[in-house]
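Structure first, then comments.
The values are calculated or read from the model by the stated rules, or taken from the named source; none is laboratory data. As the structure is a computational prediction, the values presented were derived from the model and not from experiment. Ideal geometry is used to build each Cβ from the backbone, glycine not excepted, and the neighbour counts take in all protein chains shown. Just the protein is used for accessible areas: all its heavy atoms, side chains included, with ligands, DNA and RNA removed. Shrake-Rupley method; radii C 1.70, N 1.55, O 1.52, S 1.80 Å.
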Amino acid sequence: GHDVYLVDFTSNCRDDEALCLPFLEWDMSHPCPLSAPYGFCSDVMEHIPTDDVENVIRNIMASAGTVFFQISTVPDVCGAMIGTPLHLTVQPHDWWCELFLSLGYVVTWQEEQDIASSFVVRNI
């Protein structure tokens, strides 16, 4: 029942099944022109350089009132194949949770898994 809009920094990230959905190529280190009640951010935050993480979270949260985040908490395995790490911010569950809270958001649900953490984060 929701309209879906995909956002990523490159268009080649989409699966074939998603090519028919509206798409915005956008660098989330800049404010995003989209607005929605809900957002879904999966397997993204670990790829953001640590110095940019706070800004990217602020921009995501400015675009959606409530956002589901799934974040890998372990180093990637594919980066070794190309000679550079792909997970640029590898931090434990508590680090991410404290970051959301310190930025003034409410964590309404969280789950720590073996290799990832999930959060539902809401604007106050």
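Miscellaneous remarks
- Matching residues, the stretch 1-26, being open to solvent by less than 80 Å² (accessible area, probe 1.4 Å) and of a type in the set (D, E, K, R): Asp8, Arg14
- Residues that are surrounded by 15 or more Cβ atoms within 10 Å (Cβ to Cβ) and either assigned to a loop (DSSP other than H, G, I, E, B) or touching a Lys or Arg at 6+ places or on another chain (Cβ under 9 Å) (or both), drawn from the stretch 30-39: Cys32
- Residue in the stretch 31-44 that is farther than 20 Å from Tyr5 by Cα, of a type in the set (S, T, N, Q) and more than 14 Å from the chain's Cα centre (by Cα) present: no
- Single residue of the stretch 93-111 satisfying the filter (without any contact (Cβ under 8 Å) to a residue 24 or more places away in the chain and not in a helix (DSSP H, G or I)) that is nearest to Arg58 (Cα to Cα): Gly104
- No other residue among Ala18, Ala36 is of a type outside the set (Ser, Thr, Tyr), over 22 Å from His87 (Cβ atoms) and modelled with pLDDT under 95 apart from Ala18.
- Checking Asp114 against (1) in a loop (DSSP other than H, G, I, E, B); (2) of a type in the set (D, E, K, R); (3) open to solvent by less than 80 Å² (accessible area, probe 1.4 Å), the condition it does not meet: (3)
- Residue list for the stretch 57-85, filter: outside any helix (DSSP H, G or I) and without any contact (Cβ under 8 Å) to a residue 40 or more places away in the chain: Ala64, Pro75, Asp76, Val77, Cys78, Gly83, Thr84, Pro85
- As a summary of the residue check, Cys13 satisfies the conditions (1) in contact with a strand residue (DSSP E or B) (Cβ under 7 Å, 6 or more places away or on another chain); (2) modelled with pLDDT under 95 except for the one numbered (1).
- Residue that is nearest to Asp114 (Cα to Cα) [pool: residues in the stretch 54-99 that are exposed (fewer than 14 other Cβ atoms within 10 Å of the Cβ) and charged (D, E, K, R)]: Asp94
- For the stretch 40-53, taking the residues that are among the hydrophobic types (A, V, I, L, M, F, W, C) and out of contact with any strand residue (DSSP E or B) (no Cβ under 7 Å at 6 or more places or on another chain), the one that is least open to solvent (accessible area, probe 1.4 Å) is identified as Val53.
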